[in-house]
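The values are calculated or read from the model by the stated rules, or taken from the named source; none is laboratory data. Note that the coordinates shown come from a computational prediction; the quantities given were computed from them, not determined experimentally. Neighbour counts run over all protein chains shown; Cβ positions are idealised from the backbone, glycine included. Quick note on the areas: whole protein, heavy atoms, side chains included, nothing else; ligands and nucleic acids left out. Shrake-Rupley method; radii C 1.70, N 1.55, O 1.52, S 1.80 Å.
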There are 2 protein chains.
Amino acid sequence: MPETIETILSRRSIRQFKEEEAVEDKDIKTILETARWAPSGLNNQPWKFIVIKNKETMKELADCTHYSKVILNAPLLIAVYLDTETMYNKTKDIQAIGASIQNMLLACCDLGLGAVWLGEILNQEDKVNLILNCPDTVELMAVLAIGKPAENGKETSRKELEQIIYNEKYGEKY
Amino acid sequence: MPETIETILSRRSIRQFKEEEAVEDKDIKTILETARWAPSGLNNQPWKFIVIKNKETMKELADCTHYSKVILNAPLLIAVYLDTETMYNKTKDIQAIGASIQNMLLACCDLGLGAVWLGEILNQEDKVNLILNCPDTVELMAVLAIGKPAENGKETSRKELEQIIYNEKYGEKY
């Protein structure tokens, strides 16, 4: 199987990291490069990213989510923002953000890193934005926790293709 | 450079296809598998996909967009929908759709196929939904045009990392 497809199909969320092992700066840069090269409508690139390694900041962010253990255990966080000043169509811009996040998750696999996409923290967006000094013009989209994996990732499953794919018209069996 | 990262960085939109060369069914299945394995919040998988190869349907869809040439030239379209009945948080669900689209685009590269993500067609969502017999419970998110590439893809660019990345707090130079 070609390698990219293999990476896509085998990627799993990693929530436990080797806490003492930092992510190398060159790997962080590569991850950010893959985010940057995601496609976006009209190539407007409606994203901003904050790279967080400071343990004090992480402690503050841990108070903003039920998944504080993941945050505290990770050597690296990347906060992902939608820049409403570059926005042209909210639906398409949020899709583009999703594409850029997926690029980063796949890049982590390729670099031997583990990662998890945290969304529940959006419930405390205001608090997160205060901690990270964010202006009103940006909206928190996700936080990625990244590090050397200390677990294999849980078994997970997906709906069968037959449940989500149609042939030619909606509702017609593929 | 690891192969997945290479694919992410080198992927370009392809808008011209070898019209007479169909995409093989096994490749279509692989593309859909990569869509299916995208991550989503609470693993809710809020997506539906319609695989379109029928030329009559394509002619009708071509009337719904300024990019009719791309639609008419492609041997395969995949219409991507958000299933509002499986939705739990619209922002996160639309991000997940973006991740699944990006998986398909990357899978196409890996299979030697070209693809382009069409968003402008959303302006005529009602017409598209009529053509594809879609219920009111789903929202059109994108249409992908896919085929054997008949061009290399246009040169494109991205903002510099310095314009989109911050260090520790918003606005601080990375």
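Overview of values
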item	result
Positions within the range A:134-165 being open to solvent by 30 Å² or more (accessible area, probe 1.4 Å) and not in a loop (DSSP other than H, G, I, E, B), in sequence order	A:Glu139, A:Pro149, A:Glu162, A:Gln163
Residues (within 19 Å of A:Ala99 (Cβ to Cβ), surrounded by 20 or more Cβ atoms within 10 Å (Cβ to Cβ) and more than 7 Å from every other protein chain (Cβ to nearest Cβ)) located in the range A:22-42	A:Ile31, A:Ala35, A:Ser40
Residues of the range B:130-145 satisfying the condition of being at the interface with another protein chain (Cβ under 9 Å from one of its Cβ atoms) and either within 15 Å of B:Thr30 (Cβ to Cβ) or over 10 Å from the mean Cα position of the chain (by Cα) (or both)	B:Ile131, B:Leu132, B:Asn133, B:Cys134, B:Pro135, B:Val138, B:Glu139
Selected residue [at the interface with chain B (Cβ under 7 Å from one of its Cβ atoms) and over 18 Å from A:Ala74 (Cβ atoms)] from A:Lys159, A:Lys127	A:Lys159
Members of the range A:22-40 that are part of a helix (DSSP H, G or I), out of contact with any helix residue (DSSP H, G or I) (no Cβ under 9 Å at 6 or more places or on another chain) and not β-branched (Val, Ile, Thr)	A:Asp25, A:Lys26
Flag for B:Glu19 being touching a helix residue (DSSP H, G or I) at 6+ places or on another chain (Cβ under 6 Å), open to solvent by 10 Å² or more (accessible area, probe 1.4 Å) and farther than 18 Å from B:Lys127 by Cβ	yes
Residues of the range A:67-100 that turn out to be at the interface with another protein chain (Cβ under 9 Å from one of its Cβ atoms), among the acidic types (Asp, Glu) and farther than 16 Å from A:Ala38 by Cα, as a count	0
Residue match in the range B:109-120 (condition: within 7 Å of chain A (Cβ to nearest Cβ) and acidic (Asp, Glu))	yes
